[in-house]
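Report on the structure given below.
The values are calculated or read from the model by the stated rules, or taken from the named source; none is laboratory data. Just so it is clear, the structure is predicted and the values come from calculations on it, not from any experiment. Ideal geometry is used to build each Cβ from the backbone, glycine not excepted, and the neighbour counts take in all protein chains shown.
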Amino acid sequence: MDALEILFTASFWVAAIRIASPLIFATMGELICERAGVLNLGIEGIMTAGAFAGWFTVYSGGDLWAGLLVAALFGAMFGLLHATLTVPLGLSQHVVGIGITLLATSLTYFIYRLALPEVTSPPKIEPFQPLPIPVLSRIPVVGEALFTQTPLTYLAFMSVAAVAWILYRTPIGLAVRAAGENPSAVEAQGISVTGIRMGAVVVGSALMAVGGAFLTTSAFNSFFFQMINGRGWICIALVVFGSWRPGKALIGAVLFAAFDAYQVRLQQISGGLVPYQVFLMMPYALSILALILVARRAAYPKALMIPYQKGER
Amino acid sequence: MRLEPKPASSLAITLLFPLAAAGTTLVLTSILVLIAGASPLSVFYLVAKGAAGSQFAFLETLTRATPLIFTGLAIAVAFRAKLWNIGAEAQLYIGGVVTVALGTGALPLPSVVLIPVIMVAVMAAGALLLLGPAVLKTRFGVDEVVTTLLLNFIVLLFVSMLLEGMLKDPMGLGWPQSQKVIAEAQLPRLIQGKRLHCGFVIALASAVLIWVVMKKTVLGYEMRAVGFNPEGARFVGILVDRTLMKTALLSGGLAALAGFSEVSGLKGNLTLDLSPGYGYSGIVVAMLAMLNPLGVIASAIFVAGIFVGADAMSRAAKVPSYIADVMVATSLLTMVVAILLTRFRIRWR
């Protein structure tokens, strides 16, 4: 097959949308945290914990939706820990975030080994099945790509709409945005900056964990070590790329996933001329490139990474 | 709730809080041990015994501490200037690459010349690797946390490519591993027949040297000033960007030495499992040492001890050895809280 032809096949776009789905959840999660003024570097670990929690719930007999709920709860728990340390205590968001990633990852591996001591190949579960939307899924290419996915993918797209609506159309969204831009103005309105920020980190982290759980309950059917493999860090780059706007971040995630799906296919037709590692490097290199391209005009939330103390200034 | 700065704490307080952090970590991990169905006391006893219970165990701990001292120093130096270098893992691997590129016979020199040449080249490579993110940070405002993290993945894939290509050992039976470095490029063992090697001494010397740089030189003062308050530093005429570049060079070079010392002192060749995450554990080492270069020695030995001890314990008590990573991560978080409490008091009001 020709390198260009790939772009016009439905299977390519179906794969791209599937690859984008966990990134969309996690990117929305990170976006909420950063909009409120908190950089959450725990994302990689929280996604790992979510992937495991979702899979393990189903493996121990729970249903798939229960798995998602448990994953979200675990994410929220780690989010609460992150928020407690960084918001009222004002500790370095960089150090705490890395700490949460290390803790969530190692705790997950510990529990995995405890639950399945002797297992070498991880047991499988019955994952979410594709749910074609009647009529819409018959549209060639676009319909197939968007409407023959699993329910979780639809949920990922809906989460973007929900986040955008909440951020721009509700008082709570206004408070979240203001907490990331000008916290003293929020406090002047009689709203607690601490409360808003902590809430945003907890909710955002729950979304990240659902993104992780997508991998085990919708994309693959079991849990592997290192399965997040840098996806969390890429989501942080996607938030910057989307200049902290849900819609732009969604486009970024889909473009990125399309590129990822493309390099896999390119790898197959390149016939080993180029070392496969070069293809695997591309997503990470692309993230760095995207950061460079956007950084100059990036409109960071002005209070991002700046701890706030009531009554100061 | 408010945080109020405390007047300078006494030495007793400064030591008490870190100890309390260690205690909290022990209590929290005890819960996991109980869930695993073992007794915390016996597990911690086994960890301590496995880490320092015999000459063999203690030498093993020091061997494991060696790369951690290098990465810990690299991160302590960078974090002091608030340059968030999370890429020590990549810098370590680049150090390993340069060591085998020069040390497998390309330079037929006697040991006394070859080893310093390799060390200089290794440090230059590691320094250059961190210089990229540092330039992106100062010139374009790209956050270095994400760039250094992503570089870890890129570099590991690059190393994998080299080990299946240019650096592949033809006698390696198809395994992705490099040739062994020649005898002249090997760091001698400290004790005949034991694994502890001269890399440990170099690590100790580096820690002392970095301590002198941080405390007694203009560069050290500038780095601390930039980390404490970049605006203030700029106001008093410190070239902030240039200081960050120098910090990056120093930090990247130190982390790369970890890769050199592992290849040249211990493993002899480069494989993809050269580091079980020394770059990331270095963050914990640096934080536990409160970014003090001499403290890094103690905290690296402590962290190495947990890993070595947990391996031994895991075999005896059937508790997954991942408990070591949990302990290390928990102590990072309890330690940052402890450091906060030595500097501030919390007022509930």
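Side notes on the structure shown:
- Odd one out for A:Val201, checked against (1) touching a residue at least 40 places away in the same chain (Cβ under 8 Å); (2) out of contact with any Cys (no Cβ under 6 Å at 6 or more places or on another chain): (2)
- Which listed residue is farther than 30 Å from A:Thr108 by Cα, in contact (Cβ under 8 Å) with a residue 40 or more places away in the chain and either under 18 Å from the mean Cα position of the chain (by Cα) or outside any helix (DSSP H, G or I) (or both), from A:Gly247, A:Gly212: A:Gly247
- Test: B:Val284 is away from chain A (no Cβ under 11 Å) and over 23 Å from B:Ser160 (Cβ atoms): no
- Within segment A:145-165, tally of residues that are buried (at least 16 other Cβ atoms within 10 Å of the Cβ), within 18 Å of the chain's Cα centre (by Cα) and assigned to a helix (DSSP H, G or I): 9
- Residue satisfying condition, being at negative phi, touching a Gly at 6+ places or on another chain (Cβ under 8 Å), at pLDDT below 90 and part of a helix (DSSP H, G or I), within set A:Ala290, A:Ala298: A:Ala290
- Against the list (1) crowded, with 24+ Cβ neighbours inside 10 Å; (2) among the aliphatic types (A, V, I, L, M); (3) under 19 Å from A:Arg113 (Cα atoms), the condition B:Met287 fails is (3).
- Members of segment B:316-346 that are in a helix (DSSP H, G or I), among the basic types (Lys, Arg) and under 22 Å from B:Ser54 (Cα atoms): none
- Test: residue in segment B:154-164 that is among the charged types (D, E, K, R), touching a residue at least 24 places away in the same chain (Cβ under 8 Å) and part of a helix (DSSP H, G or I): no
- Candidates B:Ala20, B:Ala90 - the one that is of a type in the set (A, V, I, L, M, F, W, C), touching a residue at least 24 places away in the same chain (Cβ under 8 Å), crowded, with 20+ Cβ neighbours inside 10 Å and touching a Ser or Thr at 6+ places or on another chain (Cβ under 9 Å): B:Ala90
- Scanning segment B:8-17 finds one or more residues that are crowded, with 16+ Cβ neighbours inside 10 Å and either in contact with a Ser or Thr (Cβ under 6 Å, 6 or more places away or on another chain) or β-branched (Val, Ile, Thr) (or both).
- Residues (farther than 13 Å from B:Val43 by Cα and of a type in the set (S, T, N, Q)) located in segment B:284-329: B:Asn292, B:Ser299
- A:Leu136 vs. criteria closer than 20 Å to B:Met327 by Cα and touching a helix residue (DSSP H, G or I) at 6+ places or on another chain (Cβ under 6 Å): no
- Residues of segment A:246-300 that turn out to be at the interface with chain B (Cβ under 9 Å from one of its Cβ atoms), surrounded by 18 or more Cβ atoms within 10 Å (Cβ to Cβ) and among the hydroxyl-bearing types (Ser, Thr, Tyr), as a count: 2
- Any hit, segment A:199-208, residues being over 16 Å from A:Thr84 (Cβ atoms), part of a helix (DSSP H, G or I) and within 19 Å of the chain's Cα centre (by Cα): yes
- The set of residues in segment B:290-322 that are of a type in the set (Gly, Ala, Ser) and either within 14 Å of another protein chain (Cβ to nearest Cβ) or closer than 30 Å to A:Pro117 by Cα (or both) comprises B:Ala300, B:Ala304, B:Gly305, B:Gly309, B:Ala310, B:Ala312, B:Ser314, B:Ala316, B:Ala317, B:Ser321.
- Residue match in segment A:112-119 (condition: more than 30 Å from A:Thr148 (Cα to Cα) and facing chain B (nearest Cβ under 7 Å)): yes
- Identity of the residue in segment A:166-198, under 19 Å from A:Thr84 (Cβ atoms) and hydroxyl-bearing (Ser, Thr, Tyr), that ends up surrounded by the fewest Cβ atoms within 10 Å (Cβ to Cβ): A:Ser192
- Pairs are defined by a Cβ separation below 7 Å, a sequence spacing of at least 6 or placement on different chains, a first member in segment A:68-89 that is aromatic (Phe, Trp, Tyr), and a second member that is outside any helix (DSSP H, G or I); the pairs so defined are A:Phe78/A:Gly42.
- Any hit, segment B:194-209, residues being buried (at least 22 other Cβ atoms within 10 Å of the Cβ) and not in a helix (DSSP H, G or I): yes
- When B:Leu274, B:Leu250 are checked against the criterion of being within 14 Å of the chain's Cα centre (by Cα) and assigned to a helix (DSSP H, G or I), a single residue qualifies: B:Leu250.
Every residue, every condition in (1) hydroxyl-bearing (Ser, Thr, Tyr); (2) surrounded by 24 or more Cβ atoms within 10 Å (Cβ to Cβ); (3) outside any helix (DSSP H, G or I), yes or no:
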| site | (1), (2), (3) |
| --- | --- |
| B:Glu222 | no, no, no |
| B:Arg234 | no, no, no |
| B:Ser261 | yes, yes, no |
| B:Ser281 | yes, yes, no |
| B:Ser314 | yes, no, no |
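- Residue list for segment A:217-244, restricted to those being part of a helix (DSSP H, G or I), in contact with a Pro (Cβ under 8 Å, 6 or more places away or on another chain) and over 30 Å from A:Glu5 (Cβ atoms): A:Thr217
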